[in-house]
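Remarks on the structure that follows.
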Amino acid sequence: MRHAVNTTRSTTIQTPFEHEVAERLVAALQLEVTAEEIAPEAPLFGEGLGLDSIDALEIALFVGRDYGVALRSEDPDNKKIFSSLRSLCAFVQANRTAG
Amino acid sequence: MPRTADRRWVVPERGNRFAMQVALLLARKVGRRRLEWLLGPITLYFFLHNGAARRASRAYLRRALPVRPTITTIMRHMRCFAQVVLDRIFFLQNTTDMPHVRVTGRECFLQALAGGRGCLLLGAHIGSFEALRSLGREHGITLRMLMYRSNLGGATDVLEALDPTYAQTIIAIGQVDTMLRVAESLGRGEVVGILGDRTPDTDRCIRTKMLGGDVLLPEGPFRLGMATGAPIVLVSAIRAADGVYDVNFVPFGVAYPTSRQGRSAFGQQAAERYAGWMEALCRRHPFSWFNFYDYWKDLP
């Protein structure tokens, strides 16, 4: 699943918040890549980083714990939310500021 | 991120579906006991038409039995499978015609559940997991099965015709939020059942010894346990000679690691414990193993 090129933000450079989440991601999931290596718009699951549904649960756990944002199974947008680091961070930021 | 399901799974499910449709037709008209005459022809059909299953049975029995398998023992193995498939229909129908269930180790299960984090019931394709449904109903416990919906294929309609609540009791593997669903279910104090003896891919699995050979087991159930903190309880339901299903709960007995290093070691320890439990079951009930495909692979 490829995303349209975002013209306002770099597709390869992480924002500071994305970098922070990437670091937590690498730590929580014990990934063998560094936080810097996670391209913000690359797919997290399947072909990209190769994460699976249990990793998604681990992500939901640290996002809930560290940012107070709940990821729930009934959210119809889950596929989109979990599609990349960027979309995950966008969801977290949107719900953190709203909350 | 659905990974492609392994083709070899299709083989047992196809036989399963055939047997179910034939039996279903008669289940409405005839009682369970009076249907058992069907098992002979079904077994014979399975034996003659499914060379892969026949070879898999022989390869398995060679490991599990103290003597060399013969046509008779292979037929007996297949007949056991057909019998359990037939019984499954009546478990799902939930009528008075259901096979009876005898339970041992109930306390360990109820105790695990009392912890308030739900419970992961880890079983295998040994005996019948369906027997647990009646037990769940009896205790007012919600039991959901974590499984590949695609693996059921056309059998889904049959299963839903038998039990209209069937779809709600399944958590389908293959969605990004599958495990969120599982965690939420466990959080409500529900029970999630997993058959942990089949793996669709080889990169997320653990190699261990079982019945003298190498097997690959999915690491998913153990990672899931670690992530949710839900206790794992091993469960088997074996059809005894008297037609009663012996349900046995066993504590998993491998504690979740607290350290980071412990996490990677846990998977291996857990898989060994699980394989040891399966091996003991196979030795005691050799004809109740229902993985009719090439289970022991020549691994490099």
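The values are calculated or read from the model by the stated rules, or taken from the named source; none is laboratory data. Keep in mind the model is a prediction, meaning the values are calculated, not measured. Cβ sites come from the backbone with ideal geometry, for glycine too, and all protein chains shown count toward neighbours.
Overview of results
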item: Candidate set: the stretch A:64-74, residues that are surrounded by 15 or more Cβ atoms within 10 Å (Cβ to Cβ) and under 16 Å from residue B:187 (Cβ atoms); chosen: the one nearest to the other protein chains (Cβ to nearest Cβ); result: A:73
item: Of all residues in the stretch B:176-189 being touching a residue at least 12 places away in the same chain (Cβ under 8 Å) and at the interface with chain A (Cβ under 7 Å from one of its Cβ atoms), the one that is nearest to residue B:149 (Cα to Cα); result: B:178
item: Members of the stretch B:54-96 found to be outside any helix (DSSP H, G or I) and surrounded by 17 or more Cβ atoms within 10 Å (Cβ to Cβ), listed by number; result: B:69
item: Filter pass, residue B:207 being at pLDDT 95 or above and either basic (Lys, Arg) or touching a Pro at 6+ places or on another chain (Cβ under 9 Å) (or both); result: no
item: Test: residue B:112 is buried (at least 21 other Cβ atoms within 10 Å of the Cβ) and under 18 Å from residue B:248 (Cα atoms); result: yes
item: The stretch A:44-54, residues that are closer than 9 Å to residue A:82 by Cβ and either more than 8 Å from chain B (Cβ to nearest Cβ) or aliphatic (A, V, I, L, M) (or both); result: A:44, A:51
item: Residue check for residue B:171: touching a Leu at 6+ places or on another chain (Cβ under 6 Å), within 11 Å of another protein chain (Cβ to nearest Cβ) and in a strand (DSSP E or B); result: yes
item: Sole residue being out of contact with any strand residue (DSSP E or B) (no Cβ under 8 Å at 6 or more places or on another chain) and among the small types (Gly, Ala, Ser), chosen from A:27, A:42, A:56; result: A:27
item: Residue A:35 vs. criteria touching a Ser or Thr at 6+ places or on another chain (Cβ under 7 Å), away from chain B (no Cβ under 11 Å), buried (at least 18 other Cβ atoms within 10 Å of the Cβ) and of a type in the set (Gly, Ala, Ser); result: no
item: Subset of the stretch A:71-99 [closer than 17 Å to residue A:25 by Cα, in a loop (DSSP other than H, G, I, E, B) and in contact (Cβ under 8 Å) with a residue 24 or more places away in the chain]; result: A:82, A:83
item: Filter pass, residue B:232 being within 14 Å of chain A (Cβ to nearest Cβ), farther than 26 Å from residue B:77 by Cβ and either touching a Gly at 6+ places or on another chain (Cβ under 6 Å) or at pLDDT below 95 (or both); result: no
item: Output for the stretch B:227-247, where each listed residue is under 25 Å from residue B:183 (Cα atoms) and surrounded by fewer than 18 Cβ atoms within 10 Å (Cβ to Cβ); result: B:229
item: Residue satisfying condition, being crowded, with 19+ Cβ neighbours inside 10 Å and either within 15 Å of residue A:94 (Cα to Cα) or in contact (Cβ under 8 Å) with a residue 60 or more places away in the chain (or both), within set A:25, A:49, A:57; result: A:25
item: Within the stretch A:78-93, considering residues that are at the interface with chain B (Cβ under 10 Å from one of its Cβ atoms) and out of contact with any strand residue (DSSP E or B) (no Cβ under 8 Å at 6 or more places or on another chain), the one farthest from residue B:188 (Cα to Cα); result: A:80
item: Qualifying residue in the stretch B:199-206 (condition: among the basic types (Lys, Arg) and not in a strand (DSSP E or B)); result: yes
item: Residue under evaluation residue B:257, criteria (1) assigned to a helix (DSSP H, G or I); (2) out of contact with any His (no Cβ under 6 Å at 6 or more places or on another chain); (3) not small (Gly, Ala, Ser), criterion not met; result: (1)
